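Notes for the one structure printed next.
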Amino acid sequence: MSKTEEIKKQIRKTYGDVAKSDPSSSGCCSGGQAERDIANIHAERLGYSKEEAESVPEGANLGLGCGNPTAIAALTPGEVVLDLGAGAGFDAFLAADKVGDEGLVIGVDMTAEMVEKARANADKIDAKNISFRLGEIEHLPVADATVDAIISNCVINLSPDKPQVFAEALRVLKPGGRLAISDVVATAEMPDEILEDLELYSCCVSGASTIDDLRAMLEEAGFVDVTIEPKDESREFIREWAPGAVVDEYIRSASIEAKKPGKQSCC
Ligand SMILES: C[S@@+](CC[C@H](N)C(=O)[O-])C[C@H]1O[C@@H](n2cnc3c(N)ncnc32)[C@H](O)[C@@H]1O
């Protein structure tokens, strides 16, 4: 099995297990036993309001994010939004609320159990403007130039082929379309024992790229107006992801924004 296949197998196992467990706790791959309240407290630490956290169907917020992409995406009614690695749908449901009935949110995830859970969550509220699709963010099941905004929460670090993710993102965005991503970035060189640890990889640690590398990948893909803002305060919750492994010395959560060149059509 290639290294890429091994990584993806581990990620599907990690998040398949999370999807099958009860509403969870704080951290990229925590999953498990804690109550919905704990996931909501984590959401508030990431900048979601209490009302937002409580507005989504039960089981959508699994406490897996590391930021709040819907807060930076400036979504407006009628837009088409794509959520890369949508999980059980937390950000997708919030985005669907912002784009309204005239808009559409597409959530893509490669873990079958997550997609199943997200679809069940959508059924709970009879959502008509959300579509959850099984697929890899390196090979998006989305047509060319059809998306206004791409959001993503703590996912792209998990891809073993980030240039391909950004190439796909550029392909599906309309001219002038935007990326609004929350993800971890590497702020210090990681030791080999962290880099080679597959579990830490699937817990959003070892696959984090540096800010310079991310910027270069985005610009090489063709994005412009790239901004990457690491958040020092994220250290507090990152510390809880892998107690004992001091991962907060090496990564931070960041807001990552970029645009596809071109003029957005007005109507
Ligand atoms: C840390 S969780 C975040 C889930 C969701 N964004 C949230 O905030 O609740 C990462 C998710 O990304 C998905 N994922 C990881 N790598 C992926 C890839 N290459 N293609 C599609 N989905 C992927 C996993 O299956 C998992 O559901």
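The values are calculated or read from the model by the stated rules, or taken from the named source; none is laboratory data. Since this is a predicted model, take the numbers as computed values, not measurements. Methodologically, a virtual Cβ is constructed for each residue, glycine included, from the backbone with ideal geometry; neighbour enumeration extends over all protein chains shown. Ligands, DNA and RNA are excluded from the accessible area calculation, which covers all protein heavy atoms including side chains. Shrake-Rupley method; radii C 1.70, N 1.55, O 1.52, S 1.80 Å.
Residues in segment 37-70 that are more than 14 Å from A254 (Cα to Cα) and among the β-branched types (V, I, T): I38, I41, V56.
Could you check segment 163-212 and list, in sequence order, the residues that are over 20 Å from the mean Cα position of the chain (by Cα) and open to solvent by less than 20 Å² (accessible area, probe 1.4 Å)? G176, M190, I194, listed by residue number. Report yes if some residue within segment 54-65 is modelled with pLDDT of 95 or more and of a type in the set (D, E); otherwise report no. There is no residue in segment 54-65 that is modelled with pLDDT of 95 or more and of a type in the set (D, E).
For segment 116-141, which positions are among the β-branched types (V, I, T) and within 16 Å of K8 (Cα to Cα)? Steps first, please.
First, the residues of segment 116-141 that are among the β-branched types (V, I, T): 125, 130, 137.
Selection gives I137 alone.
Every listed requirement among (1) among the charged types (D, E, K, R); (2) assigned to a helix (DSSP H, G or I); (3) at pLDDT below 95 is met by R119 save one, (3).
Kindly evaluate C29 against the criterion of being in a loop (DSSP other than H, G, I, E, B) and at pLDDT below 95. For C29, the condition - in a loop (DSSP other than H, G, I, E, B) and at pLDDT below 95 - is met. For segment 68-107, residues that are within 13 Å of the ligand (Cβ to nearest atom) and on the phi > 0 side of the Ramachandran plot total 3.
Only a single criterion out of (1) of a type in the set (A, V, I, L, M); (2) within 13 Å of the ligand (Cβ to nearest atom); (3) open to solvent by 20 Å² or more (accessible area, probe 1.4 Å); (4) closer than 20 Å to T70 by Cα is not satisfied by A127, namely (2).
Could you tell me how many of the residues in segment 53-77 are more than 22 Å from V184 (Cβ to Cβ) and free of Cβ contacts under 8 Å to residues at least 60 places away in the same chain?
First pass over segment 53-77, keeping only residues more than 22 Å from V184 (Cβ to Cβ): 54-59, 74-77.
Subset that is free of Cβ contacts under 8 Å to residues at least 60 places away in the same chain: 54-55, 76-77.
Of the residues in that region, 4 qualify.
Look at (1) surrounded by fewer than 19 Cβ atoms within 10 Å (Cβ to Cβ); (2) in contact with a helix residue (DSSP H, G or I) (Cβ under 7 Å, 6 or more places away or on another chain) and you find that V147 fails only one, number (1). Within segment 47-65, the set of residues being more than 9 Å from the ligand (Cβ to nearest atom), assigned to a loop (DSSP other than H, G, I, E, B) and open to solvent by less than 30 Å² (accessible area, probe 1.4 Å) comprises Y48, V56, P57, G59.
If you filter segment 156-211 down to residues that are assigned to a loop (DSSP other than H, G, I, E, B) and in contact with a Leu (Cβ under 6 Å, 6 or more places away or on another chain), you find that the one that is nearest to the ligand (Cβ to nearest atom) is G207.
In the condition set (1) more than 18 Å from the chain's Cα centre (by Cα); (2) of a type in the set (G, A, S); (3) in a helix (DSSP H, G or I), A127 is compliant with all but (3). Would it be correct to say that M110 is of a type outside the set (D, E, K, R), in contact with a strand residue (DSSP E or B) (Cβ under 9 Å, 6 or more places away or on another chain), open to solvent by 20 Å² or more (accessible area, probe 1.4 Å) and within 14 Å of the ligand (Cβ to nearest atom)? Here the answer is yes, as M110 does meet what is asked.
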